[in-house]
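What follows is a set of notes on a single structure, which appears directly below.
The values are calculated or read from the model by the stated rules, or taken from the named source; none is laboratory data. What you are looking at is a predicted structure, and each value in this text was computed from that prediction instead of being measured. In this analysis, Cβ positions are derived from the backbone assuming ideal geometry, glycine residues included, and neighbour counts consider all displayed protein chains.
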Amino acid sequence: MEKLFVKPFKILVVESDRRLYKKLSSCFSKCGFEYRIYSGINHIVPLVIGFQPDLVLLEYLSPVVNGGELCIQIKENKLTQDIPVVIYSAFPNQILSLGAYGHDGFIAKPFELTDLMKRIDAFLMQYWSDKKRTANTLVSSGCN
């Protein structure tokens, strides 16, 4: 019988808080995700094209370019527009009132890592199941 090799899901994150950066890194490693975390960037599309993530998580209050603007960059590019983008922030009312950035989801901070991982799992399953994308990294398998 032929063995099937399944690649882990890939997540790209923009996060400036060093403590959350470390927590996410530890959690993603434990779950078996491939990931890249950046602390502040101007142009996200080259990073997305180079890494080809299955999901992008953006902190809204990024120190260089806010997460909404980064989301617009992703959604306006034909090579990256189908990748799901989730924005998170401690100021949900302000962010949601500023307008549509084209993001696929929003998570209010503060959040527990277990809750975040459940949301990530849901986004990955929702957006990639129709593409028959499977992975050996499921949050429900006990990585949190």
Selection over segment 37-48 where residues are surrounded by 13 or more Cβ atoms within 10 Å (Cβ to Cβ), under 22 Å from LYS78 (Cβ atoms) and modelled with pLDDT of 95 or more yields a count of 4
For segment 7-29, enumerate the residues that are polar (S, T, N, Q), surrounded by 14 or more Cβ atoms within 10 Å (Cβ to Cβ) and in a helix (DSSP H, G or I). SER25
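Every residue, every condition in (1) of a type in the set (S, T, N, Q); (2) part of a helix (DSSP H, G or I); (3) within 19 Å of VAL14 (Cα to Cα); (4) at pLDDT 85 or above, yes or no:
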{"residue": "VAL86", "(1), (2), (3), (4)": "no, no, yes, yes"}
{"residue": "LEU116", "(1), (2), (3), (4)": "no, yes, yes, yes"}
{"residue": "GLN126", "(1), (2), (3), (4)": "yes, yes, no, no"}
{"residue": "SER129", "(1), (2), (3), (4)": "yes, yes, no, no"}
Test each condition in (1) under 15 Å from the mean Cα position of the chain (by Cα); (2) over 18 Å from LEU12 (Cβ atoms); (3) modelled with pLDDT of 90 or more for LYS109 and report the one that comes out false. (3)
Looking only at segment 55-78, and only at residues there that are touching a helix residue (DSSP H, G or I) at 6+ places or on another chain (Cβ under 6 Å) and part of a loop (DSSP other than H, G, I, E, B), the one that is modelled with the highest pLDDT: ASN77
Some residue of segment 30-43 being within 17 Å of LEU116 (Cα to Cα), out of contact with any helix residue (DSSP H, G or I) (no Cβ under 6 Å at 6 or more places or on another chain) and part of a helix (DSSP H, G or I): yes
